[in-house]
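**Q** Okay, here's the structure, questions in a sec.
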Amino acid sequence: MLIGTSPLVLCHALDRSLRGESIRILEERRETGGAWRTVDAFGCGGVEAAVHLIENRSAVHRALSQLGVPLNPPAGRTGALLGGVEIPLALSRALAYLGVSGKSVLRGDLGRAHTALIGLGRAVREYRTPFLYPPRGARQITDRLLQLLAARGVQPECGIRVRQARRLGCGACLVETDHGEFAARRIAIASRAHCRLRREDRTLDLSLRTTSLECIALLLEGPAPSFDYIEFHGRTTLRRARNLTAMTHPSPAPDRHIVSVEIRAPAAQASRPGACEHAHAAEALATLQRAGLVAPSTMLIAARIERFEVRTIPDWRMRRIAREECDWILPMRTTDFGEELASALGRLQLASHPPTQSTRHAAEMPPPEEDREGARKDFSADSPDSLGGAAHEASSSRVAS
Ligand SMILES: Cc1cc2nc3c(=O)[nH]c(=O)nc-3n(C[C@H](O)[C@H](O)[C@H](O)COP(=O)(O)OP(=O)(O)OC[C@H]3O[C@@H](n4cnc5c(N)ncnc54)[C@H](O)[C@@H]3O)c2cc1C
């Protein structure tokens, strides 16, 4: 039994399914994708609910290409603004990791500092690797994984919240949900997709760290924004922004554009119910205009706010759960998306699965209609039979579960 439907959890689900295990995925929301989900907004579908970046790691690019997910270099301005000065995105990422490690040391959170320092090392090593992104957005990763799972007869069950998982004396596990109780052999939890865990009569301490994030999708009217993805350092309301216009379907009207922004925590707290959400959207637009990322004549037509309450099990706690509760809990560390995605996709052993038409570089990409046709072909090629090779390979390295 797996909780949640982020791409990382779906990778693990596919891995387990390829090993011949019988799996079930429960998701409390109506939509799949976790933090990477898309929403319908302003009459367009496929609007990313949050601002995202796929780190520039060659292993991630290789793994995604093997999975059949196309990746594009940025079409517009991409970088970071540090006190009004534009710096390369690679430098911005290194500075961000350095900042997190420094703050974590000051707070005494050495585990987090250690993780951030590893991230800093990778950012330096991969400094020259480009930042790539799927042309229709990160949803393409989730969709591809869902497609492969569906070909194996696995479909996430949405709208079901797991309230608690309990290890019974007999060694089995009882999963309590809003829709009744299920028996399971083991329960797989992720850093941000979990539930209360009870072993016989004691509740496990998950040492949860809670953070709030606020993202706003802006529908703008005016000249096309000049950027793809931008980060902001220093005392600005915005943390980062991504131009989503090319990723939505249908696209907005020709003179309209969809930009998603992530707001810094103090502003997010100020916009609790009762505060004027529109004011935050207007402030975000003004910041983008001051930075020269959108034209001064651009007007705000509508805004859609999404709040994320992120409850993270720290990595050190996940490691302890892996050691002490391995007989009934499978903990999946998902705090480093890039690293985990590369290793999870690597485990899938899809190498025998030839890259499909959709793996090609953007320049070779067919127009949307054909692409959809191509995706249908990929799907039929992913019949359980054609995945059998990968499944066979995987089952030969099967571990007792
Ligand atoms: C707003 C935001 C932006 C981010 N941006 C980036 C980025 O740009 N780059 C990057 O590398 N990483 C980013 N991350 C990190 C991201 O959290 C991880 O990459 C990854 O998505 C974590 O996977 P997860 O499954 O642990 O949690 P999530 O992706 O948060 O997914 C959790 C899912 O589990 C479901 N769920 C939770 N509890 C239960 C329950 N009890 N029962 C049933 N369902 C449940 C939730 O509804 C949700 O769909 C971002 C995170 C957030 C929140």
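Only the coordinates and a few stated rules stand behind these numbers; no lab work does. Note that the structure is a prediction, hence the values are computed from the model and not measured. Every residue, glycine among them, receives a Cβ derived from its backbone with ideal geometry; neighbour counts consider all protein chains shown.
**Q** Once the mean 1/r over all distinct Cα pairs of segment 150-250 is inverted, what Kirkwood radius in angstroms do you read off? Display every interim value, and only then the final one.
**A** Working: mean 1/r = 0.0543 Å⁻¹.
Computed over segment 150-250, the radius equals 18.4 Å.
**Q** For segment 92-168 and segment 314-347, write down the distance between their C-alpha centroids in whole Å.
**A** Cα centroid to Cα centroid, the span is 11 Å.
**Q** How large is the Kirkwood hydrodynamic radius of segment 1-74, in angstrom, based on all distinct alpha carbon pairs?
**A** Numbers: mean 1/r = 0.0699 Å⁻¹.
Roughly 14.3 Å, rounded to one decimal.
**Q** Mean shadow of segment 209-312, computed from the convex hull of its alpha carbons, in nm²? Working shown, then result.
**A** Values: hull surface 28.1 nm².
Value for segment 209-312: 7.0 nm².
**Q** Please turn the phi angles of segment 81-97 into ³J(HN,Hα) values with the Karplus equation 6.51 cos²θ - 1.76 cosθ + 1.60 (θ = phi - 60°), one per residue in order, whole Hz, x for glycine and proline.
**A** Per-residue couplings from phi come out as 10, 10, x, x, 9, 7, 10, x, 4, 4, 5, 4, 5, 4, 5, 4, 4 Hz.
**Q** Now a separate question. Considering Cα pairs under 8 angstrom that are at least six residues apart, work out the relative contact order of segment 120-268 and quote it in whole percent. If you can, show how the numbers build up before the last one.
**A** Numbers: 190 pairs, mean separation 26.5, N = 149.
Averaging sequence separation for qualifying contacts and normalising by length gives 18 percent for segment 120-268.
**Q** Another one. Sort Asp40, Asp201 by Cβ crowding within 10 Å, fewest neighbours at the top.
**A** On the way: Asp40 12, Asp201 6.
Lowest count first: Asp201, Asp40.
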